[in-house]
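A.B. asks: Would you mind keeping the following structure in view while I ask a few things?
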Amino acid sequence: MTENISFLKDEEVELPLPSQWRQIFIDIVESIRVGDFRLEKAPGSVERLGEDDAKRIEGNITEYGVGLVALPNETWDTSVCRWMGNYWQVLIDLYSAEEGASDLVLFAKVTEQDGAFRFQVEDVHVP
C-alpha cells in the first residue's frame, strides 16, 4: 500500500519526501542516470543546470565509480526534506547497480510560488 505523504512547513524536523514530489525526483535521477547532467529533458518544473554544475555532478558520480539505477521504492524510506524558512532542503539517497543503496546523495531545493513547486538540483555527492 502506498502511503500519501503531504508536504509540511516544519523547521524543527526532517520529514519524508511528499508523495506528490516523488515522480519529479524519479525523473531527475533518470535524466542524470542517462547522462543528461544539465537536466534538459527533465520536467518543466525542474531548473536546468549550467555547464559547471553539470560537470561537477558528473565528475562526482564518475569519481565514486558506480552506475546509478532508477530509484527503487526503498529510496523513500531514507530520503528526507526539511523546511528552511522559504524553501525545502531535500536529500535523496541514490542507488547503484553495484551496491544497491550507495553513499551518493542528491541535494535539491524545492520552492513554492503561486501553488506550484519548482525543483532545483544543487549537487550529487557523498556527504
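The values are calculated or read from the model by the stated rules, or taken from the named source; none is laboratory data. Quantities reported herein were computed from a predicted structural model and do not represent experimental measurements. Positions of Cβ are generated from backbone atoms using ideal geometry, with glycine treated the same way; all protein chains shown enter the neighbour counts.
A.B. asks: Which residues, taken from the stretch 93-105, are in a strand (DSSP E or B) and either out of contact with any helix residue (DSSP H, G or I) (no Cβ under 9 Å at 6 or more places or on another chain) or at positive phi (or both)? Before the answer, list the steps.
C.D. replies: Looking only at the stretch 93-105, we keep the residues that are in a strand (DSSP E or B), and these are 93-96, 100-105.
Correct list: 100, 105.
A.B. asks: Being in contact with a helix residue (DSSP H, G or I) (Cβ under 8 Å, 6 or more places away or on another chain) and at negative phi is true for just one of 56, 38, 82. Which residue is that? First the steps, then the outcome.
C.D. replies: Values: 56 fails: in contact with a helix residue (DSSP H, G or I) (Cβ under 8 Å, 6 or more places away or on another chain); 82 fails: in contact with a helix residue (DSSP H, G or I) (Cβ under 8 Å, 6 or more places away or on another chain).
None of the others qualify; the one that does is 38.
A.B. asks: Another question, if that's okay. Restricting to the stretch 5-23, what's the tally of residues that are crowded, with 17+ Cβ neighbours inside 10 Å and either assigned to a helix (DSSP H, G or I) or at pLDDT 95 or above (or both)?
C.D. replies: Final tally of qualifying residues: 2.
A.B. asks: Starting from the stretch 14-30, take each residue that is farther than 21 Å from residue 40 by Cα and touching a residue at least 60 places away in the same chain (Cβ under 8 Å) and list its partners that are in a loop (DSSP other than H, G, I, E, B) and of a type in the set (Phe, Trp, Tyr), counting only C-beta distances under 6 angstrom and pairs at least six apart or across chains.
C.D. replies: Hits for this filter: 18/7.
A.B. asks: Still on this structure, I have one more. Which number in (1) over 14 Å from the mean Cα position of the chain (by Cα); (2) within 15 Å of residue 95 (Cα to Cα) marks the one condition that residue 25 misses?
C.D. replies: (1)
A.B. asks: Looking only at the stretch 28-74, which residues are in a strand (DSSP E or B) and farther than 12 Å from residue 122 by Cα?
C.D. replies: 68
A.B. asks: So residue 108 clears everything in (1) among the small types (Gly, Ala, Ser); (2) more than 17 Å from residue 46 (Cα to Cα); (3) in contact (Cβ under 8 Å) with a residue 40 or more places away in the chain; (4) part of a strand (DSSP E or B) except one condition, right? Which one?
C.D. replies: Looking at each condition in turn, residue 108 falls short on (2).
A.B. asks: Before we move on, is residue 72 at pLDDT below 95, under 15 Å from residue 22 (Cα atoms) and not acidic (Asp, Glu)?
C.D. replies: no
A.B. asks: Kindly check whether there is at least one residue in the stretch 56-73 that is among the aromatic types (Phe, Trp, Tyr) and over 15 Å from the mean Cα position of the chain (by Cα).
C.D. replies: Scanning the stretch 56-73, I find at least one residue that is among the aromatic types (Phe, Trp, Tyr) and over 15 Å from the mean Cα position of the chain (by Cα), so the answer is yes.
A.B. asks: Criterion first (assigned to a strand (DSSP E or B), surrounded by fewer than 20 Cβ atoms within 10 Å (Cβ to Cβ) and either without any contact (Cβ under 8 Å) to a residue 60 or more places away in the chain or touching a Phe, Trp or Tyr at 6+ places or on another chain (Cβ under 7 Å) (or both)) does residue 120 satisfy it?
C.D. replies: Spelling it out, it is not the case that residue 120 is assigned to a strand (DSSP E or B), surrounded by fewer than 20 Cβ atoms within 10 Å (Cβ to Cβ) and either without any contact (Cβ under 8 Å) to a residue 60 or more places away in the chain or touching a Phe, Trp or Tyr at 6+ places or on another chain (Cβ under 7 Å) (or both).
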